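Notes for the one structure printed next.
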Amino acid sequence: SAQLIVRKRYFTSAQSYSNRTCLSKIFLPTTKNISNTKNKQKHEQEENIICESHRLMFRAGLIRRSSSGIYSLLPLALRSLNKIEKIIDLEMTNINAQKISLSILLSSNAWKRTGRWNSAGSELFRLKDRKESEFCLAPTHEEEITQLVGHEVISYRQLPLRLYQIGRKYRDEMRPRYGLLRGREFIMKDLYTFDTSEEAALKTYEEVLIAYRNIFDKIGIPFVIADADSGNIGGTKSHEFHFLSQVGEDLVLMCPHCGYSANEERAHGLIPSTKQAENEINQKPTFNFGISENNRLIISILGFGHVLNIFKLKAANSENSFETIQIGKDIKDILNNNSYNGIDIYVDNTFQTNLTDLESFLSNPLFDENISKVIQSNKHLIRIHHGDFHNASPGDGCPICSTSSIPNSTNNFYPLTGHHAIEVGHTFLLGTKYSEPLKATFAPETPQNMGELKPIQMGCYGIGISRMLAAIIESSHDDYGIIWPSSVAPYKVCIIPNSDEPIIQQATRNLFDLLTSMDHELNGEVLIDDRTNLSLGYRIKDSELVGYPWMMVLGKRFLDSGRVEIHERRTRKKFDLKFDEIEKIFN
Ligand code: ATP
Ligand code: MG
Ligand code: MG
Ligand code: MG
């Protein structure tokens, strides 16, 4: 029967290629096969697919959905992921960072000491053990690592220290979507650095930025480094690494004149207002700051969530800088600060459900007695405005070009242009934000007084590895499928023997051996699509969908003229080469 023939074919081909990597043995459930369009649509609806990288990762058999924002990674996805990790490992070794692995299940203790048990809000997955002790699934690891290092480091002699890990993180995102781009479980590489002084920490920060540039250069997708705001993580200096993309939920503002880039929050800086309906569609919260005429501090929070997290200006007339605060922790300082007559917090309509949270949080006596007393007795000091805030932008100018220009001259205003972008990496100079509350201290080389201990100066640096995988595909695909950059392709070459004819089989073995022996980089990177029960046309389409940089067909042309039909995925160019000419395309 037909089925038997199919089985026999599989059997024959698998045997004839012995140890060489064959597609028939790989778990690669591509869905090109679903000829029925209705079925295909049904699948995509079930997986809730609304963007191209997600669709391609599903169709190319890289991922499958487990539940909302949670995915299984299949073999080919894992191969690419491992390649990204290898690139990172190498750069980390170059800057003397050591790899560790921290637990994902974390006790609430340290999180309470830094205030993030509360400020992380509902994004934190919380759970209890049988003794009712509170835990969370790590969304990030500042607390855990600071505690670990704080316990072990006693003296300046043990510093500097650089530790990183690659592991899973958990965030109960308000809107998990776009597949791996915004998951509730995702893979992050996170590096933490520990130095003895601010200067040393800054030097470290700059060194890591260079390593990050190298990583992104090696991956090979064009990227933008934006001056960033340090958000919930906190700290003083921060940068974000972005891939520009329509699907991106961030907006990067760039100066076409000098190339200055900043994320939106950072670029808006002191300008109160802005933040358009566009972002509300994306449901991403933004924070803007300003000072009213009667010297009230204005904070506008537009978009969903993150109510427990606001910012304060460093000083009324400082150079566009502000730092992150926990709403409860530092608000007293703002209220006691003579330079302000009070605070106005503007929240838009999307905040309806959380508004009471904000108010009750501010006046919760358990949180901070002093603050709640101030707020309750001086209602006028802090006002929460709630409504439909669609303020018009005054337009944002480039801080570099604009400062070099004549003040108030409209001719020298260089507007920044906005671009949607996917945040792939984020670096923060933390200072002592975590080492202070968690008492991670060391004895300095030259103590000012007996027994002096100083808090360690820290930095933290993240790369969203699973997000990066999807973002690469989002940035590099066409109508036929994924176009992998060679650096992270699951396999670099796919050989497709047209048939099981002995001559073709022998040529396939020879070609495989030639490729894997001639170039060290192709070792383990060549795959034979031995599924000769499937048509050649089908397998070519499948190979384009999965996106191997090179496809090599051994068929009629080989029998006629001894030439291999070579397809370059990126250009979709085809050329016929003899065996001894193939080497040159890899040089
Ligand atoms: P976003 O603004 O997209 O929510 P974030 O600023 O909250 O991200 P960070 O806390 O800076 O994220 O985490 C470091 C990196 O982890 C991010 O730059 C991103 O690449 C990745 N990351 C964060 N959240 C997710 C997620 N839900 N799914 C996949 N990757 C994520
Ligand atoms: Mg986030
Ligand atoms: Mg962000
Ligand atoms: Mg970030």
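Structure notes:
- So VAL247, is it touching a helix residue (DSSP H, G or I) at 6+ places or on another chain (Cβ under 8 Å), modelled with pLDDT of 55 or more, more than 27 Å from TYR192 (Cβ to Cβ) and surrounded by 20 or more Cβ atoms within 10 Å (Cβ to Cβ): yes
- Cross-chain or 6+ apart pairs with Cβ under 7 Å, the range 558-569 first and closer than 16 Å to PRO502 by Cα, then among the small types (Gly, Ala, Ser) and outside any strand (DSSP E or B): PHE558/ALA507
Here is a yes/no grid of residues against (1) within 16 Å of ligand 1 (Cβ to nearest atom); (2) modelled with pLDDT of 95 or more; (3) within 22 Å of ARG531 (Cα to Cα); (4) of a type outside the set (Phe, Trp, Tyr):
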position	(1), (2), (3), (4)
GLN457	no, yes, no, yes
GLY464	yes, yes, no, yes
GLU474	yes, yes, no, yes
ALA489	no, yes, yes, yes
ILE495	no, yes, yes, yes
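- All conditions but one from (1) at pLDDT 95 or above; (2) over 28 Å from GLU47 (Cβ atoms); (3) surrounded by fewer than 17 Cβ atoms within 10 Å (Cβ to Cβ) apply to ARG168; the one that does not is (2).
- Looking only at residues in the range 1-48 that are modelled with pLDDT of 90 or more and among the β-branched types (Val, Ile, Thr), the one that is surrounded by the fewest Cβ atoms within 10 Å (Cβ to Cβ) is ILE26.
Per-residue answers, yes or no, for (1) over 21 Å from PHE579 (Cα atoms); (2) among the basic types (Lys, Arg); (3) part of a strand (DSSP E or B):
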| site | (1), (2), (3) |
| --- | --- |
| TRP484 | yes, no, no |
| TYR491 | no, no, no |
| CYS494 | no, no, yes |
| ILE504 | no, no, no |
| SER517 | no, no, no |
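- Filter result for ARG175 (closer than 24 Å to LEU124 by Cβ, surrounded by fewer than 18 Cβ atoms within 10 Å (Cβ to Cβ) and within 16 Å of ligand 2 (Cβ to nearest atom)): yes
- Within the set THR193, THR140, THR114, THR204, the sole residue that is away from ligand 1 (no atom under 16 Å from the Cβ), under 21 Å from SER238 (Cβ atoms) and hydroxyl-bearing (Ser, Thr, Tyr) turns out to be THR204.
- The residues listed here are ASP500, ASP560, ASP542, ASP576; of these, the one that is out of contact with any His (no Cβ under 6 Å at 6 or more places or on another chain) and either within 16 Å of ligand 4 (Cβ to nearest atom) or part of a loop (DSSP other than H, G, I, E, B) (or both) is ASP500.
- LEU534 hydrophobic (A, V, I, L, M, F, W, C), without any contact (Cβ under 8 Å) to a residue 40 or more places away in the chain and assigned to a loop (DSSP other than H, G, I, E, B): yes
- Among residues of the range 207-232, those that are part of a helix (DSSP H, G or I) and modelled with pLDDT under 95, counted: 2
- Against the conditions (1) modelled with pLDDT of 95 or more; (2) more than 16 Å from ligand 3 (Cβ to nearest atom), THR140 satisfies every one except (2).
- Selection from the range 420-453 of residues that are of a type in the set (D, E, K, R) and away from ligand 3 (no atom under 16 Å from the Cβ): LYS433, GLU436, LYS439, GLU445, GLU452
- Test: THR432 is within 14 Å of ligand 4 (Cβ to nearest atom) and either within 25 Å of GLU152 (Cβ to Cβ) or touching a residue at least 60 places away in the same chain (Cβ under 8 Å) (or both): no
- Of all positions in the range 410-430, at least one carries a residue that is in a strand (DSSP E or B), over 23 Å from the mean Cα position of the chain (by Cα), surrounded by fewer than 18 Cβ atoms within 10 Å (Cβ to Cβ) and modelled with pLDDT of 65 or more.
- Qualifying residue in the range 199-221 (condition: touching a helix residue (DSSP H, G or I) at 6+ places or on another chain (Cβ under 6 Å) and within 15 Å of ligand 4 (Cβ to nearest atom)): no
- Test: residue in the range 47-64 that is among the charged types (D, E, K, R), part of a loop (DSSP other than H, G, I, E, B) and under 20 Å from VAL247 (Cα atoms): yes
- ILE472 satisfies every condition listed in (1) within 30 Å of ILE585 (Cβ to Cβ); (2) of a type in the set (A, V, I, L, M); (3) within 16 Å of ligand 2 (Cβ to nearest atom) except (3).
The values are calculated or read from the model by the stated rules, or taken from the named source; none is laboratory data. Everything numeric in this text was worked out from a predicted model, so none of it was measured. In this analysis, Cβ positions are derived from the backbone assuming ideal geometry, glycine residues included, and neighbour counts consider all displayed protein chains.
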